[in-house]
Every structure is written in C-alpha cells, then in structure tokens.
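Taking it in order: structure first as structure tokens, then the write-up.
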Amino acid sequence: MITKIKVKGYRIHRDFELEPNPRINLLVGGNDAGKSSLMEAIALAMTGRIGGRPAAEELNPYWFNTAVVSDFLTDLLIGEATWPTIEIELFLENRPDLQALYGVHNSAIPTQACPGVVFRVAPNPEYDAELQAWTENPSMLLPVEYYKSKRAVITPL
C-alpha cells in the first residue's frame, strides 16, 4: 500500500503531498482540480509508463507545471534560474515483500527508511550546450528533447 505521495512540478501539482487513508480514498474535485493528474503521476512512478508507452517516448512540455515554468523564465531574466524538473515519490508500506524497494535516500524530513519508488524528469547534462542555446530565445514550452526521465527505487541503505 502507498503511505505517502509527493508530486512536484507535474501538471497542476506544483508541490503536492498526500498521505492516503489506509482503508479507502475518494478523489473529488471540479474539472482541472488534478484528480486525473494525480492518478497518472502514481502510474508513472510505479511503472515508468504513461498510456502504456515508456515515459521517455511520451515526454512533452505540457507535463511541467506552468507556474514552475513561468518562474523559471522570470528567473532566467535575472540570471538565477534552475531548470524545471518533475519528481514523483511514492512511499510504500514497510512489508517483507517490498524490502527490495527499501531505502533511506528520499525527500522525507527527517529521513524515513522505507520501501518506495521515485520518478524524475530532469535536464540531461549531455545536452548542456543545447539547453544553454535554448535560453538565448526561450519559450513557455521547455525543450524536453534535452531532458531525460528515470524511474528508480528509493536509494538503498
């Protein structure tokens, strides 16, 4: 069972955290409240896939939170910009059958030793020159062709 969900920079979720009820959970909200995005984020972290296809093949600029991208572009003008990233972390119940996913290097403060998975989308350092060139004439659509996605187990002890 998932004990905590953290979503940063993905679609409508700028910085979202949820500790699901162990028994039952209902997602209720208006259109564009983030219900489907949350379910999609969980599936991405668990499988590294979206719509049945590998995330690397489906990565697009619309995955990124628009406020995060807007802040990045503003910061770019003053020269202190950090490239937008996406991070989805799932903390799992500490059960014997999940020990292969056990680790301590997660975003929990204080550090929480538990099973879990993380999905990240970040700039690919192999394309630093191309990313720098893009900053000369930026747009609201990030150059995701210079990004990479990775699904991993929360780093073991």
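The values are calculated or read from the model by the stated rules, or taken from the named source; none is laboratory data. Since the structure is predicted, the reported quantities are computational estimates derived from the model, not experimental observations. Keep in mind that these areas ignore ligands, DNA and RNA; they rest on the heavy atoms of the full protein, side chains included. Shrake-Rupley method; radii C 1.70, N 1.55, O 1.52, S 1.80 Å.
A few comments on the model shown:
- Straight-line cross-link reach from LYS4 at under 14 Å between alpha-carbon atoms covers these aspartates and glutamates, not counting any fewer than eight positions away in the same chain: ASP15, GLU17, GLU19, GLU87, GLU89, GLU93.
- Probing with 1.4 Å while keeping every protein chain in the model, the per residue accessible area of the chain equals 59 Å².
- With respect to the chain, whose longest principal axis is taken over its alpha-carbon atoms, helix 35-47 is tilted by about 80°.
- For the residues THR85, THR135, THR66, a GNM of the chain with alpha-carbon springs under 10 Å puts the largest fluctuation on THR135.
- The fraction of accessible area contributed by carbon and sulfur in the chain is 53 percent, rounded to a whole number (1.4 Å probe; ligands and nucleic acids excluded).
- Ordered by solvent-accessible area of protein heavy atoms (1.4 Å probe), largest first, the residues VAL28, VAL153 come out as VAL28, VAL153.
- Applying Stokes-Einstein at 20 °C and 1.002 mPa s to the Kirkwood radius of segment 1-68, computed over alpha-carbon pairs, gives a translational diffusion coefficient of 166 µm² s⁻¹.
- Most mobile of GLY52, GLY116, GLY29 in a GNM of the chain (Cα contacts under 10 Å): GLY29
- Against the main long axis of the alpha-carbon atoms of the chain, helix 66-78 sits at an angle near 40°.
- Value of Rg to Rh for the chain (Rh from inverse mean 1/r over Cα pairs, i.e. Kirkwood): 0.99
- Length gained on full extension, ASN31 to THR74, computed as 0.36 nm times the residue gap minus the Cα-Cα distance: 12.6 nm.
- Expected 222 nm ellipticity per residue - DSSP helices of 4 or more, -39500 (n - 2.57), all of the chain, to 500: -6500 deg cm²/dmol
- Among ALA56, ALA33, ALA45, residue whose mean-square fluctuation peaks in a GNM of the chain (springs only between Cα atoms under 10 Å): ALA33
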